[in-house]
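Q: One structure follows; several queries about it will come next.
The values are calculated or read from the model by the stated rules, or taken from the named source; none is laboratory data. Predicted model, so just to flag it, every value in this text is computed and none were measured. No Cβ is skipped: glycine too gets one built from the backbone with ideal geometry, and neighbour counts run over all protein chains shown. Heads up: the accessible areas ignore ligands, DNA and RNA and are worked out on the full protein's heavy atoms, side chains in. Shrake-Rupley method; radii C 1.70, N 1.55, O 1.52, S 1.80 Å.
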Amino acid sequence: MAKESILITGACGQIGSELALSLRQKYGNAAVVVSDVRAPQGELAEGPFEKLDVNSEKDFERLYEQYKFTQIYHLAALLSASGEKNPLFTWQLNMNSLLYVLELARQHNIKIYWPSSIAVFGPETPANHTPQHTVITPRTAYGISKLSGEHWCKYYHERYGVDVRSIRYPGLISYKTPAGGGTTDYAVDIYYKAIEEGQYECFLSQDTYLPMMYMPDAIRATLELMEATSERVKNRWAYNLAGLSFCPTQVAAEIQKVIPDFTVTYKPDFRQKIADTWPNSIDDHDAQTDWGWKLEYDLPKMTEDMIKNLRTKLKNKVS
Ligand code: AKB
């Protein structure tokens, strides 16, 4: 295996913190530099860390000179809900940083992973089994930045041969690092509240279906896409991944199988409007045929694993 030198931006976030550990397991701690604006905690701190402001092209260049990266996982971004609080800053942060990374990749032949999102879709998009190629009309600053980013990735690949790969992540659910600033965050919060308080006030309406995925599947998908041979990666915008499709009442009912007294009330806020523009479910036929993607966790299996692991984590936190 060629010696890799890997940079992860936004590494203390929900995806980065787990992806970094998987990459370190594969390539060794020293080969994976985690970067963020805040310092890593716990296991994530057991390896190189660099404070990185992704708004600074100079910071990227400085780090490249130091580590000569062969791969960058550029995860730093503002998500849909926090993005609506400051749309122009969201555009600047999400777009400028991607362009810095693509430029660095062009100059130094670096392989890039950059996450897109179901937020690229809009109310005109077919809501059920949303196809890979379809009407794409985002309504959030985050969604607009993701759609534009997909086009820049495709452009750098076609024009300069940059090996850039991407997935349109659904909402991601994990017991390790909390989500933050997204519209799909309820699907993480609900598990914490079920265990800690036995009740939850949901910020989306009870019948809002959204595409979701358990983090182990999302990490595996990311690594499988990055490891696929170039010929198999036929799509250089971003791949749809279906994951699961459920609404709040369905996840609540699944939790109630384990915690029967758990109750949920519904008080939709501004995030409902965002969720209403996103698909209910996704078609990921292309990911399956191009690079062999296969989902492992369904809603019952994910719920069982979430509750088991969260109970241990929260008990250890108290004691
Ligand atoms: C969000 O809710 O903003 C994210 C996403 C679907 O990209 N989780």
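Q: Please report, to one decimal in angstroms, the Kirkwood hydrodynamic radius of the chain built from all distinct Cα-Cα pairs.
A: Numbers: mean 1/r = 0.0501 Å⁻¹.
Its Kirkwood hydrodynamic radius stands at 20.0 Å.
Q: At 1.4 Å probe size, with the rest of the protein present, what percent of the exposed accessible area of the chain is carbon and sulfur atoms?
A: Details: 7020 of 13920 Å².
The value for the chain is 50 percent carbon and sulfur by accessible area.
Q: Here's another thing I want to ask about it. I'd like to know how region 1-57 sits against the 2.2 N^0.38 Å rule of thumb: what's its Cα Rg over that expected value? Each step should come with its number before you reach the end.
A: Working: Rg = 10.7 Å, N = 57, 2.2 N^0.38 = 10.2 Å.
Rounded to two decimals, the normalised Rg is 1.05.
Q: Continuing with this model, one more query. Where does each of 85-93, 29-37 land if you order them by average Cβ count within 10 Å, highest first? Don't skip to the answer; put the middle values down first.
A: On the way: 85-93: 15.1, 29-37: 20.4.
For the peptides 85-93, 29-37, the packing ranking is 29-37, 85-93.
Q: Another question, if that's okay. Accessible area per residue, 1.4 Å probe, Å², for region 141-225: what's the number? Don't skip to the end; give the middle numbers.
A: Details: 2740 Å² over 85 residues.
Ligands and nucleic acids excluded, the result is 32 Å² per residue.
Q: Nothing charged except the Cβ atoms of Lys and Arg (+1) and of Asp and Glu (-1): what's the magnitude of the dipole of the chain about its Cα centre? Round to the nearest 20 debye. Walk me through the intermediate numbers first.
A: Values: 34 positive and 39 negative charges, 87 e Å.
I would put it at about 420 debye.
Q: Sticking with this structure for a sec: Quick one: work out the % antiparallel among DSSP beta bridges in the chain, nearest 5. Spell out each step's value before the answer.
A: On the way: 3 of 30 bridges.
Restricted to the chain, the bridges split so that about 10 percent are antiparallel.
Q: Using Cα-Cα distances under 8 Å and only pairs 6 or more residues apart, what relative contact order does the chain have, in percent? Let's see the in-between values first.
A: Values: 618 pairs, mean separation 56.9, N = 319.
Answer for the chain is 18 percent.
Q: Cα convex hull of region 31-144: how many Å³ per residue? Write down the numbers at each step before the final one.
A: Working: hull volume 15.8 nm³, N = 114.
Given the Cα convex hull of region 31-144, per-residue volume reads 139 Å³.
Q: With each run of n ≥ 4 DSSP H residues scored as -39500 (n - 2.57), what mean residue ellipticity at 222 nm is computed for the chain after dividing by its residue count and rounding to the nearest 500 deg cm²/dmol? Don't jump to the answer; show the numbers that get you there.
A: Numbers: 12 runs with 134 residues, N = 319.
Counting only the DSSP helices, I get -13000 deg cm²/dmol.
Q: Another question, if that's okay. Provide the convex hull volume over Cα atoms per residue for region 113-199, in Å³. Write down the numbers at each step before the final one.
A: Working: hull volume 10.7 nm³, N = 87.
It is 123 Å³ per residue.
Q: Between region 61-83 and region 148-190, what is the C-alpha centre distance in whole Å?
A: 13 Å
Q: Among the lysines, select those whose C-alpha is under 23 Å from the C-alpha of LYS85, and discard any that sit fewer than 8 residues away in the same chain.
A: Those lysines meeting the cut-off are LYS146, LYS267, LYS273.
Q: Springs between alpha-carbon pairs under 10 angstrom, Gaussian network model over the chain: which of ARG38, ARG139, ARG220 fluctuates most?
A: ARG38
Q: Against the longest alpha carbon principal axis of the chain, how many degrees, from 0 to 90 and to the nearest 10, is the axis of helix 14-27 turned?
A: The angle comes out at about 50 degrees.
Q: Further question on the same structure: Please compute the Cα-Cα pair-distance distribution of region 75-232 with 5 Å bins starting at 0, giving whole percents from short to long.
A: 1, 8, 15, 19, 20, 17, 10, 5, 2, 1, 0
Q: Express in whole angstrom the spacing between the alpha-carbon centres of region 265-279 and region 1-35.
A: 34 Å
Q: Which FRET efficiency value, to the nearest 0.05, do you get for GLU196 and LYS301 by plugging their Cβ-Cβ distance into 1/(1 + (r/R0)^6) with R0 = 22 Å?
A: Values: r = 22 Å, r/R0 = 1.02.
Result of the calculation: an efficiency of 0.45.
Q: If you don't mind, another one. Using 0.36 nm per residue of separation minus the Cα-Cα distance, give me the extension gain between GLU227 and GLN92 in nm, one decimal. Intermediate values should be presented prior to the final figure.
A: Values: separation 135, 0.36 × 135 = 48.60 nm, distance 3.02 nm.
Between GLU227 and GLN92, full extension yields 45.6 nm more.
Q: Give the angle, between 0 and 90 degrees and rounded to the nearest 10, that separates the Cα long axis of helix 186-196 from the longest principal axis of the Cα atoms of the chain.
A: 50 degrees
Q: Region 74-149: which GluC sites (Glu not before Pro) are DSSP loop and have at most 15 other beta-carbon atoms within 10 angstrom?
A: Details: sites: GLU84, GLU103, GLU124; in loops: GLU124.
Those that pass, being in a loop and sparsely packed, are GLU124.
Q: What is the log10 of I(q)/I(0) for region 195-276, computed with the Debye formula using one identical point scatterer on each Cα and no solvent, at q = 0.11, 0.13 Å⁻¹?
A: Scattering profile of region 195-276, log10 relative to I(0): -0.46, -0.60.
Q: Calculate the all-directions average of the projected area of region 163-319's alpha-carbon convex hull, and give it in nm². Spell out each step's value before the answer.
A: Numbers: hull surface 39.0 nm².
Averaged projected area of region 163-319's Cα convex hull equals 9.8 nm².
Q: Can you compute the charge dipole magnitude of region 220-288 about its Cα centre, using +1 on each Lys and Arg Cβ and -1 on each Asp and Glu Cβ, nothing else charged? Give it in debye, rounded to the nearest 20.
A: 180 debye
Q: Just the number please: accessible area per residue for region 270-319, 1.4 Å probe, all protein chains included, in Å².
A: On the way: 2880 Å² over 50 residues.
Ligands and nucleic acids excluded, the result is 58 Å² per residue.
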